[in-house]
1. When segment 37-54 is examined, which residues are found to be over 15 Å from Met109 (Cβ atoms) and open to solvent by less than 20 Å² (accessible area, probe 1.4 Å)?
2. Across segment 55-79, which residue is most open to solvent (accessible area, probe 1.4 Å) among those that are over 23 Å from the mean Cα position of the chain (by Cα) and under 18 Å from Pro27 (Cα atoms)?
3. Restricting attention to segment 38-64, report how many residues are touching a helix residue (DSSP H, G or I) at 6+ places or on another chain (Cβ under 8 Å) and either charged (D, E, K, R) or more than 13 Å from Pro77 (Cα to Cα) (or both).
4. I need the full set of residues from segment 217-233 which are closer than 15 Å to Ala302 by Cα, outside any helix (DSSP H, G or I) and not charged (D, E, K, R), in order please.
5. Which ones in segment 21-37 are under 12 Å from Cys56 (Cα atoms) and either more than 30 Å from the chain's Cα centre (by Cα) or at pLDDT below 90 (or both)?
6. Scan Glu211, Glu183 and give me the residue that is without any contact (Cβ under 8 Å) to a residue 24 or more places away in the chain and either more than 24 Å from Ala307 (Cα to Cα) or of a type in the set (Asp, Glu) (or both).
7. Just to be sure before I move on: is Val233 within 16 Å of Gly314 (Cα to Cα) and among the hydrophobic types (A, V, I, L, M, F, W, C) in the structure I sent?
8. Considering only segment 26-36, I want to know if a residue exists there that is open to solvent by less than 60 Å² (accessible area, probe 1.4 Å) and in contact with an Asp or Glu (Cβ under 9 Å, 6 or more places away or on another chain).
Amino acid sequence: MKTPLVFSMSPKGDEIARHVAQLLGSPVHFLGPGRGSAGEMVRTAYAGRVPIVGVCAAGLMIRLIGPDIGEKADEPPVLAVSADGKVAVPLLGIHRGANALARWIADMMRGTAAVTSTSDTLYDFSLADPPPGYVVATPDLVKPAMAALLKGEKLKVEGPSGWLELAGYPIAGDGALRIVVSEEVAEEATLHVHPRTLVAGVGCTSAVGAEEVISLIEKTLADHRLAPQALSVLATLETKKSHPALAAAAEHFGVPLRVFSKREIEKERPRLQTPSDAVDAAIGVAGVCEAVALKAGQLLVAKQNSAQATCAIGKAESPIDAARFGRPV
C-alpha cells in the first residue's frame, strides 16, 4: 500500500491525526482555515491512487474530491475520521482496502468503523478485501460471486475454509460458487485466493547479481506451479543480510527479507534433503536455502541451483506473520 495522506482540518482533530499518522507510518498535514488549503493536496492524492485519511467531516471529504470521483474499481481508500477518533468512516475504495483500514484505525483508537457496504455488514470482510495473509488472484470474479452470495448461494471451498466460516460465509459441499484457496497458480475461470504461506529460502555467493536470484526464484515457483503472490518472505543466512542482490529480490517480489543465524540453521541439519559437504566445510552449516525454508514448517521444494545461487521453498500450515519469522535485516 502506498503511504497514505493523513490530514486534519481543524485544531480539534490535530491530536487524532497525529495518532493516525503514527499508526500508518505517514507524515501528517494540518490544514483548514488559516493553515493551508486541502483541496489540491487531496485531489492530487486521489488521482495518484494514494489512500486518504482525513480527520474531518465526511461531507467535507466528499466535497474536497468533488467531480474528480471516478470509477469505484480504480479508486483508492478514502476515509473520514471524527475529531475525537471514535468513528472511522470508509467513503470510497471500500473494496480496495477502505473497510479494512477503517476497522484497523477504529481498533487502534478504540472506536467504531462505520461500515455500510452490504457485503461487509453480512460478513467480517468482503472477498475483494480479504484479511492479511490472503491475496485474491482473480479479482474480476469477486463482484459476481458477492452478488450471488447476497442472493443466497453458498461457497464450495477447495482448500482451508475456516477463515471464511469464521467471517460468516455460508460453506457447503454442494455450494454453487467454487472458490480455491491454494498456493498454486490460479485457474483463470475460478475464484482463487492465495494464502501467503510460502518462504523462498535463498543461498548465494558474494558475487551473485539480483537478476540471477530473481530468475532462480521465479523459475523455481513456475516449475512447481506456485504463485509468487503466495510468497510471504525471502529468507537467508544472517551473514548475507546486507547482500544487495537479496534486498533487490525481496523488493521485486514485494516481501520482506528475513535472516537466521548459523545456530538456528544448524538445527535443521537432520531435515535437509540435499546437504552439502562443500558448504559445510566453507561456512559451517550443511545448507542454507533448505534450512531457512524449513523454518516455515514443511519443505515443499528442495534445493534448486543456478550458477551462483540456490533456492528452496518452504510452506507453513497457515499464512505467515513476517514480523514473527526470523529477524529483519
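The values are calculated or read from the model by the stated rules, or taken from the named source; none is laboratory data. In this text, all values refer to a predicted model and were calculated from it rather than measured experimentally. We place every Cβ from the backbone using ideal geometry, glycine too, and count neighbours over all the protein chains shown. What goes into the accessible areas is simple: the full protein's heavy atoms, side chains included, and nothing from ligands, DNA or RNA. Shrake-Rupley method; radii C 1.70, N 1.55, O 1.52, S 1.80 Å.
1. Those that are over 15 Å from Met109 (Cβ atoms) and open to solvent by less than 20 Å² (accessible area, probe 1.4 Å): Ala38, Gly39, Val42, Ala45, Tyr46, Pro51, Ile52.
2. The qualifying residue most open to solvent (accessible area, probe 1.4 Å) is Cys56.
3. 7
4. Selection gives His224, Leu226.
5. Answer for segment 21-37, where residues must be under 12 Å from Cys56 (Cα atoms) and either more than 30 Å from the chain's Cα centre (by Cα) or at pLDDT below 90 (or both): Leu31, Gly32.
6. Of the residues listed, the single one that is without any contact (Cβ under 8 Å) to a residue 24 or more places away in the chain and either more than 24 Å from Ala307 (Cα to Cα) or of a type in the set (Asp, Glu) (or both) is Glu211.
7. When the stated conditions are applied, Val233 passes them.
8. Yes, the conditions are met somewhere in segment 26-36.
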